[in-house]
Each structure stands twice: as structure tokens, then as C-alpha cells.
Amino acid sequence: MIEISQINKSFDGKNQIIDNLTLTIPDGKIVGFLGPNGAGKSTTINMMTGILPIDKGTITLNDIDIDKEPLKAKKIFGFVPDRSDIFLRLKGLEYLNFIADIYQVPEEIRQEKIKYYTEQFAIDHALGNYIQSYSHGMRQKIMVTSVLLHDPDIWILDEPLTGLDPKSSHALKRMMREHADKGNTVFFSSHGLEVVEQICDEVAIINHGKLLFYGTIEELQAKYQTDQSLENVFLELTNDA
Amino acid sequence: MMRNTWIVTKIMLKMQYSSTSKQSNTWIYGLLVVILIPFFLIIMMQVFRSIIENVYHLLAEVNQESMLLGLAFLFITAVLLFFSFITILSAFYFSDDITAYIPLPLHPHQLLIGKAANPLIYNYLISAVIFIPFLFIYGSISNAPILFYVYGLILFIVFPIIPFTIVAVILMFVMRYVNIAKNKDRSKIFMGAGSLLFVILINVLVRLNLDDAALMNTFTVYMQEQEGILKMITMIFPPAYFGALSLHFAGSWSGLPALAALLAIFTITALLFILAGHHFYLKGVRGMSSGSKGKLSEKASHKLTKERSILKTYILKDIKIIIRTPAFLMQCVVQPLFFPVFITVILFLDLGEGLSSLGSITAEKNLFLILFMFSIIMLSANATAFTAISRDGAGRKINLFLPIPFHHLIFAKLLVAYLIPLIPFILITCVGIYVNIPIHILIGWIGISLLYNYLAVIINFLIDVFSPKLHWTDEQELFKGRFTPFFISLVQTAVFGIITLVLWNTNIKNVYLIMLILLIAVGALTDIAKTYLRKKVTLETLQNLDS
């Protein structure tokens, strides 16, 4: 479970990028995180993962405070960042092994998992190549694979499906479902409303750093008394229609 | 036509020196330039004037004072050749921005001239530091006429271009064939470093093949001839001969033909450069960034998935990235090697036994102080440390969201930055052993240098933490327009230079006491820097780097 409690963030001390945001993401659910560009999604995720310090408020992951016990908290989540163009001079396998070393995954288990997941994502043939030579989709796949190696309770994914081919996208969505069904937490941000509609149990919508809605899609439609698609409700809600 | 060349050059220079981040402290650099450069020039003039004066009078007695001019030109040529290798490789081949210019309707030579601007600026800066003080010192000692300075100015403008074009032509020719190699990054490095080693090797072989007796014979023959020694020493590089001759005869008409000969060489090399650019440059650059393919064998796969500790895996990751990224390799590993390589070359250029007996003839105290200053110059700017955080670029977030203990992260970064400068240091130590430095001086020097290296690493690391360059798209950008490390290195050299000068001029003769004083000074500064690092660099500092 992820508990975000009254967090605030400002980069210049004047404008609040995140304004008193409170959100609880329960176990066993896939939760989509939506909002227009600049709404504060990445800032929130960066605070959840310890990339950015929190100005005010707390974030706990399975009851561990990311600010107070960062190392302990970081061990229980896996994070796919929005940018996959990192460590380009490492070979795919070297990157996966680096991550496995950081999470101290035993040798046999890492070898088994690397084989399984890279076959699932059809990148097993390219593991000996530098990440630099990978396409955007392949880079994304290697990032996702690295998160799966240490089997974290919580998955935090920033735009995980961007650039994936239909087969890999389907495989990842299936994995997300299986992970949540085991009682774990899956939290991901996305611009693809169709995907959110398709796989999310609940959605959180933010704009200007404030939470506009949290609940199921049915609850969203009921609240706005409409049977319109998520896209239309989203546009209406975020005032971009 | 000229307009396009000018536009491309301007844009390329702008890309090189402009920074995307706000630079509110540029006035500090201006102030430092105003204070530090004259400071160094005065020190250099002071130190070298007496040496040049002594040598001049010694040579003037046998009518061979022109040899001094020849030596100066040879020295400048050697330095410019070395630095041109680095700057040309970086600008022409390791910077990916050329791919953005290739589709534009421009001639290869126009791109080439644009690309050449930055390496040439470096060459002019280097010759300004070496040549201008020398010109004025020599001029005043020899009561040179006004025409001497006019020729000097012309040579200052023309001469640095000659070594540059020679190196550029060699590199363009070699790099033309890198494109067919499988691993392009590695080949680029090997070919670049290989061409440099080749030039050094030829030089060394030429020197080794000269047997001493024959050399002495030739020496005596040339001695009797007017400007004979000059001719002999500059035989290896004729532009140095003509440059020296034109200055030597600046007072009479006979200086003019020498200057004309030099200008002719300049024209030929410049034309060769443009010709090579037309034929080889774009062919050598196109397709340079594409990758290779290959499936791993079971055995290789198992080898690459061995379990390691967090610290070890992080250190290995950093070292691999430095070695595999041409821009990082050049700046962090190869460039620091140039100073020791350069010293080694001078050693081989030395015709007699002069330098190899240096260790035994210099007073112990002075020898130790010279060696200490060597270390400061060599280790004060540590590119691995001042890019420790910035090198991660877009991947820096990973340092924060992965469960890496903070002290492991900092320790790994510092250790990598500490280890890499040891490569050139080991080389220079070998030179030290070769020149018969007494063992107790050598041990004292190594000890204090190892401690100083730690201080330099912390200082450079702090520079990167407090003024990082995180938003780069091309690795070369990391080193563009970052003047802070250069100035901090100058400040370190100035501070320790003053301490050294004071010690040099005191009555303390005991070398152990000198060692102790320097050890206390470096130790105290290291302790202050370490405490500052511990206090000021926290996890939150790294989290706030972007804001």
C-alpha cells in the first residue's frame, strides 16, 4: 500500500507544484495516475521514489516512510522511470546484472528471471549489445525487465507502455494484472486513456498539483452523471475540453 | 561561400561555449582571469628569464644562440601536436553534433573549418602562454629590433596552424577506415590513440638509433657552421627551423626569405588539410554512431551475471562507462596521460645525459619541491571527479531511487575519481625512477602526491556537486564551457605555488622537514575538505540538484 498524506512541493518557494495532495493506493489494485502535462504526476512519482525531497507531508510505502527510511523503502518497490535512454554504454545484460547486484538478487534466481522475462519481451537476442543500439521500445523493455528481477511488492511505473509493440504491451499488462492479483500494488502514470480504462481498477486524476478525483471509472461516470468515455470525462475534468 | 563558412563556425563555437543553464557568476571568471593570468605570466617570466638568459649567453659565445629559438619552436610544436590530437579527435570525431550538420547544403571543408575553430583556439591559448613570454624575454635579452616583434606576431598567428593541420590530416586519413570496423567506439579510441603512439614511437626510434659517438661528431661539424646547431635540432621539423631563422635574422633582410618559406609551408599544409577534408572527413564521420549485433553464448551470459557487492558493481559500472564512452575516455583517462607522456618525450629528445642525471645533481630540497609542483599541476584538475555526478546525466535518477546506501554511492564516485589519475602518476613515477631520483625523495613524493590526489578528488567532486551539468544530450557537452574546474585548478596551483616558492627561498635545507611541512599543509586542507564534504553533501543535496 502507498499512502500519500498532505504532501506539498514547490521549486521556487512561491508556486505550489503539488498542493496538499492526499492519496491512498491500496494493495491488490492497479491504479492509473492521470493528468495533463505539467499537472504534477512526475513530481509526485519522484517524491514517492525518493528522487525529490518532500517539502511537507509524508509518503509511506507498506508503512515505511520514504523520507525517514529511504533505503528500506527503496528495497520494496520497483520503478520504471519515464526516460529509458540511460546507461547506453552498458550492454543489456550488464545493466540487468547491475540492477540485480543492487537489489542483491541471488545468482541462480537472477539468471532464471533474466532468461524468462527477456524471452517474454523478445529481447533475449540483444542482451549482448549496448543499450545504445536498442530501439526506444527495446530500451523500455530492458527497464521493465530490470524492475521485475527483484520481485518488488510495489510497482511504480512512469509511462511504462510508451513505445512497446502490441505483443510486449500485452505481456506487460498481463504481468501487471497477475502482480496485483497476488495482493501487490501497481501504480502507473499514463497518457493513454484507453489503456487505463482497459486495465485499471481505480484511477487518480490530478491537475495543478491537486487531486481532482480518485475511484473506479464507474464511480467517475456516476459522479459526473454521464456515460461518456473516460477521455471525455477527463477532458471536462481537467478543463481542456 | 565565405558567408556560410562563417555562419557554421559561429554556430559551432556558440554551441561549444554557451551554456543552457543560468550563469550568474560569470563575473567571477572574468575577475579570476584578470588576476590569475598576469600572476602566472609574471611567475613564468621570473622563473624562465634567468634560465633563458644564462643559456643565451652561453650559446652566444659560440655564435649558436639561434639554437634557443629552435628549441622554443620545437617545444611549442611538441606541445601543440599532443594537444591537437586530443582536441581534433574530440571535435571532429567524438562529438555527435556533426550528424546535425551533414544534411545541410554545405561543403565538407566548410564544416571542417567550423569544426577546426575550437581546437585552434586551444592551440592559440597554448602558444600564447609559451610563445609570447619567450618572445619578450628573448627579445629583451638580445636587444632585438622592432621587426623581431612584428615577425613574432606573424609567427604567433601562423605557426600554431601548422601542427594542427598535420595532425588533422593524419587523423582524417586514419579515421576514414574506422567506419568499416565492427565496434566503432572502440576503434575510434584505438585509432586515435594509436596514431598518437605511432608518432611518439617514430620519434623515439629516431632518437634511439642515433649513436652517441656519431652524434657528437655531427654536433662538432655543425658547431663550426653558422646556425649549425639550429639546423641540426630542427631537422625533424622544418617549420621550426624557418620560424627560428626568421626571428634570428629579423634585423636584416635575410629573415624575410625564412618567413616566406614558413608561410609557404603553412599554405601547403592548409591546402592539404582542405583536400583531406574533402576526401576523407565526411566518409570517416558518417555512420559512426551505429551499433553492432550479436547474441551472447551461455558461457558469456553466465560470466556477465555473476553476483557482486553493491559497491563493487557500482564502481565497475562507472569505470565501464568511462572506458566505453570516447568523450569520457579522452577527457578522464587519455588527456591526463599527455603531461607524463610529454615529459617522457622530452626525455628522449634530450640529446645528452642531461635529464637522466637530473635526480642526482639537483639539490634534494629543490628537487622535492619541483616534484611536488609536478603533482599539483598533474592532479589538481580531475575530470573524473568534476564529472562524477554530471556523467550520469539522465541516469542520475537511478542513484536516488535504487537502494544504494548513500555512503557507498559517494565512496564509489570518489574511489573511481581517485584511481584513474593514478595511471599517469605511475607513468611519471617511472620517469622519476629513470632520472635517478633518490629513493627517500621518491617515497616522500609518492606519499604526499597520494594524499594530495585525495584532496584534489574531493575539491573537484564538490565542484560537480555544486555546479553540475546534468542536462546534456551528447557526452562532449559535459566538458564544453565548464571553466570552474580549470580555475579551481589554477587556484590550487597558485596556493601551492606560493607555499613552494616560500619554502624554496627559506633557509630550511632539510628535505624531511620540507616534506613534513607540506604533508601537514596538504593533510590539514584534506581534513577541512573532507569535513566540508561530509557536512554539505547529503542525500538531499543530490535530490535537489535539479532545482
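The values are calculated or read from the model by the stated rules, or taken from the named source; none is laboratory data. This is a predicted model, so every value here is computed, not measured. Because the Cβ atoms are built from the backbone with ideal geometry, glycine has one as well, and the counts that use them run over all protein chains shown.
For this structure, a couple of remarks:
- Residues being over 14 Å from B:A412 (Cα atoms) and charged (D, E, K, R) - total across segment B:316-332: 1
- All positions within segment A:37-52 that are in contact (Cβ under 8 Å) with a residue 12 or more places away in the chain and within 14 Å of chain B (Cβ to nearest Cβ): A:S42, A:T43, A:T44, A:I45, A:M47, A:M48, A:T49, A:G50, A:L52
- Selection within segment B:303-324 - over 14 Å from A:D101 (Cβ atoms), modelled with pLDDT under 90 and at the interface with chain A (Cβ under 7 Å from one of its Cβ atoms): B:R324
- All of (1) at negative phi; (2) more than 18 Å from the chain's Cα centre (by Cα); (3) more than 14 Å from chain B (Cβ to nearest Cβ) hold for A:Q6 with one exception: (1).
- Restricted to helices (runs of 4 or more DSSP H) entirely inside segment B:451-547, those with at least 3 residues that are surrounded by 16 or more Cβ atoms within 10 Å (Cβ to Cβ) and within 14 Å of chain A (Cβ to nearest Cβ) are B:539-543.
- For segment B:381-408, a tally of residues being outside any helix (DSSP H, G or I), more than 7 Å from chain A (Cβ to nearest Cβ) and not aliphatic (A, V, I, L, M) returns 4.
- Among residues of segment B:488-512 that are farther than 15 Å from B:A363 by Cα, those with a Cβ under 8 angstrom from a residue that is hydrophobic (A, V, I, L, M, F, W, C) and outside any helix (DSSP H, G or I), sequence gap 6+ or separate chain, pair up as B:I488/B:A381; B:S489/B:A381.
- Options B:L104, B:L89, B:L111: the member that is surrounded by fewer than 17 Cβ atoms within 10 Å (Cβ to Cβ) and more than 30 Å from B:F39 (Cβ to Cβ): B:L104
- Any hit, segment A:49-66, residues being in a strand (DSSP E or B) and within 29 Å of B:W472 (Cα to Cα): no
- The residue that is modelled with the highest pLDDT, counting only those in segment B:409-441 that are assigned to a loop (DSSP other than H, G, I, E, B), over 30 Å from A:Q104 (Cβ atoms) and of a type in the set (A, V, I, L, M), is B:I437.
- Any hit, segment A:158-178, residues being of a type in the set (D, E, K, R), surrounded by fewer than 18 Cβ atoms within 10 Å (Cβ to Cβ) and touching an Asp or Glu at 6+ places or on another chain (Cβ under 7 Å): no
- Considering residues of segment A:100-119 that are under 20 Å from the mean Cα position of the chain (by Cα) and within 19 Å of B:E298 (Cβ to Cβ) only, the residue nearest to the other protein chains (Cβ to nearest Cβ): A:A100
- Helices (runs of 4 or more DSSP H) contained in segment A:148-241 and holding at least 1 residues in contact (Cβ under 8 Å) with a residue 12 or more places away in the chain and within 18 Å of A:I2 (Cβ to Cβ): A:166-181, A:193-199
- For segment A:6-21, the condition of being out of contact with any strand residue (DSSP E or B) (no Cβ under 9 Å at 6 or more places or on another chain) and not charged (D, E, K, R) holds for at least one residue.
- Any hit, segment A:151-158, residues being within 16 Å of the chain's Cα centre (by Cα) and modelled with pLDDT under 85: no
- Within segment A:88-99, the set of residues being at the interface with another protein chain (Cβ under 7 Å from one of its Cβ atoms) and part of a helix (DSSP H, G or I) comprises A:L93, A:E94, A:N97, A:F98.
- Filter result for the condition that a residue is more than 14 Å from the chain's Cα centre (by Cα), touching a residue at least 12 places away in the same chain (Cβ under 8 Å), surrounded by fewer than 19 Cβ atoms within 10 Å (Cβ to Cβ) and within 13 Å of another protein chain (Cβ to nearest Cβ), over A:D82, A:D12, A:D27, A:D55: A:D55
- Enumeration of residues in segment A:121-131 that are more than 10 Å from every other protein chain (Cβ to nearest Cβ) and either in contact with a Leu (Cβ under 9 Å, 6 or more places away or on another chain) or at pLDDT 95 or above (or both): A:F121
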